[in-house]
Amino acid sequence: MNIFSNSVVALSFRLLNSDGELIEESISPVVYLHGGYSGLFLKVEEMLNGKTVGDQIRVSLEPDEAFGDYDPQLIRLVGLSDLPPDVAVGGFLTSGEADDEIVWRVTDVSDGKAVLDGNHELAGQRLWFECTVLDVREATEDEVRHGHVHGDGHCHH
């Protein structure tokens, strides 16, 4: 079966930086609903159209096709007294409402202040996405209606 809109696709992947260094690799298959449901980078989905089990692709992703451009406006210097007591470099904090939430990464702590970065760690980077198609099936009506893959034949929400 070929990949088309409203297919459920399982794949293995590798994400590399522009120097070819491995950033992330799937340990178990990634399963998503194909067709613009925000399950995968749009450019990758476009390259997967028509592919079938065993096919492989390698796609270059510019920042705006992956995690966005780096935005210096998303850097904050915050007093430690305004943050949880266990704040530490490498930690994450969230702010905003569920539909407009920002995840802040703590990049530095010193002199009673913390530097918070709201950019994705890979923002501003050109990346390579490599994947192999492991399985393809037609999505169920419920999966299409809900816009995501259901596990074990039923919905968990």
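The values are calculated or read from the model by the stated rules, or taken from the named source; none is laboratory data. Please read these numbers as outputs of a predicted model, since none were measured by experiment. Heads up, the Cβs are rebuilt from the backbone with ideal geometry, glycines too, and the neighbour counts pull from every protein chain shown. Please note that ligands, DNA and RNA were not included when accessible areas were found on the heavy atoms of the full protein model with its side chains. Shrake-Rupley method; radii C 1.70, N 1.55, O 1.52, S 1.80 Å.
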| Within the set of pairs 6 or more residues apart or between chains, which connect a residue that is farther than 23 Å from ARG137 by Cβ inside the stretch 52-73 to a residue that is open to solvent by 70 Å² or more (accessible area, probe 1.4 Å) and part of a loop (DSSP other than H, G, I, E, B) with Cβ atoms less than 6 Å apart? | GLU62/ARG126; PRO63/ASP69; PHE67/HIS120
| query | Does at least one position in the stretch 3-14 carry a residue that is under 29 Å from TRP104 (Cβ atoms), among the small types (Gly, Ala, Ser) and open to solvent by less than 50 Å² (accessible area, probe 1.4 Å)? | reply | no
| Criterion (within 27 Å of MET1 (Cβ to Cβ), among the basic types (Lys, Arg) and either without any contact (Cβ under 8 Å) to a residue 24 or more places away in the chain or open to solvent by 60 Å² or more (accessible area, probe 1.4 Å) (or both)) met by exactly one of ARG76, ARG145 | ARG145
| Among the residues of the stretch 17-53, how many are open to solvent by less than 40 Å² (accessible area, probe 1.4 Å), assigned to a loop (DSSP other than H, G, I, E, B) and polar (S, T, N, Q)? | 1
| field | Selected residue (only one of LEU93, LEU134 is touching a Pro at 6+ places or on another chain (Cβ under 6 Å) and either buried (at least 16 other Cβ atoms within 10 Å of the Cβ) or touching a residue at least 24 places away in the same chain (Cβ under 8 Å) (or both)) | value | LEU134
| query | Would you say SER12 is within 21 Å of ASP142 (Cβ to Cβ) and among the hydroxyl-bearing types (Ser, Thr, Tyr)? | reply | no
| Evaluation of ASP69 against (1) open to solvent by 60 Å² or more (accessible area, probe 1.4 Å); (2) under 28 Å from VAL89 (Cα atoms); (3) out of contact with any helix residue (DSSP H, G or I) (no Cβ under 6 Å at 6 or more places or on another chain) (one fails), failing number | (3)
| request: Quick one: which residue in ASP82, ASP108, ASP117, ASP99 is acidic (Asp, Glu) and surrounded by 16 or more Cβ atoms within 10 Å (Cβ to Cβ)? | output: ASP117
| Which of the strands (runs of 3 or more DSSP E) contained wholly in the stretch 64-110 include at least 2 residues that are under 21 Å from LEU122 (Cβ atoms) and at pLDDT below 95? | 92-95, 102-110
